[in-house]
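Since the structure comes first, as C-alpha cells, the remarks are kept for the end.
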Amino acid sequence: MGMLDSTESRSWVQGQGGAPPWEVLPHPRSGQQCLRSRRPFVVGEILARFSAAATEDRPSRMTVQVSEHAHIALAPPSLSFMNHACEPNVHLDVEHRVAVAIASIVAGDELTFFYPSTEWMMASPFDCHCGSPRCIGWIAGASQVPPSLLRGRPLAPHIARLLGPAAGRVHVP
C-alpha cells in the first residue's frame, strides 16, 4: 500500500473523486520516495490537475517553477514525489495546471517528468543516472542544458521564453 495520508486522500476525493491514480512508494534503487501508477494511461491523457499549495519566489527541492519568477508547492502534495527522467512519461503543463501522459503508462510504472522542462535554475542540482540514451547527465535546470539537448522535448512556456532564440524549435505544449 502506498504512503498516502488521510488528509490528501480526503482532498483528492473532494477535488477529483476517488483515490489518486498513483501511490507513493520507496524507489527500488535509491530507497527515496517515488510515484507509481495505479492504472494505465494513454498518451495525452490527463493524470491529474494540480494547484499551488504555496507560492515562493525562489526554487526549492520540492517546488515546481510555473513562471519566470514563481515556484509552487504542488497540491496534491504527493505529486512532489515525481522523480526526474531524461525520457519521462509525464509532462507538467504549468500553464493549464495538469499532469499529462507523454508516453504510454502501465500500472506499476514509475511516473517521471523532465525537470528542466519547468526549472530554469534548480536549488538542488544532481547527476542523473537514468540510463537513457537521451540522458543529459547534470540536472541543474534548463539554463544549464545546451539548447540542442532540449529540442523536441515538451517545455513550459516560461522556459521557452527564457531560452529565447537560442532554443530553436522547442516543443511547447
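The values are calculated or read from the model by the stated rules, or taken from the named source; none is laboratory data. Note that the structure is predicted; figures quoted are calculated from it, not measured. Cβ atoms come from the backbone with ideal geometry, glycine included; neighbour counts cover every protein chain shown.
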Q: Inspect all residues belonging to region 78-95 and state whether any of them is over 24 Å from GLY152 (Cβ atoms) and in contact with a helix residue (DSSP H, G or I) (Cβ under 9 Å, 6 or more places away or on another chain).
A: yes
Q.
So for region 126-144 (the condition being touching a residue at least 24 places away in the same chain (Cβ under 8 Å), surrounded by fewer than 20 Cβ atoms within 10 Å (Cβ to Cβ) and in contact with a Gly (Cβ under 8 Å, 6 or more places away or on another chain)), does at least one residue qualify?
A. yes
**Q.** Conditions (1) modelled with pLDDT under 95; (2) closer than 22 Å to HIS27 by Cβ: number failed by LEU150
**A.** (2)
Q. Is one or more of the residues making up region 66-85 hydrophobic (A, V, I, L, M, F, W, C), assigned to a loop (DSSP other than H, G, I, E, B), closer than 26 Å to LEU163 by Cα and under 10 Å from the mean Cα position of the chain (by Cα)?
A. yes
Q. How about region 88-141: which of its residues are at pLDDT 95 or above, of a type in the set (D, E, K, R) and in contact with a Cys (Cβ under 7 Å, 6 or more places away or on another chain)?
A. GLU110
Q: Considering every residue within region 156-166, establish whether at least one is surrounded by 19 or more Cβ atoms within 10 Å (Cβ to Cβ) and in a loop (DSSP other than H, G, I, E, B).
A: yes
Q: Answer with yes or no whether ARG38 is in contact (Cβ under 8 Å) with a residue 60 or more places away in the chain and surrounded by fewer than 16 Cβ atoms within 10 Å (Cβ to Cβ).
A: yes
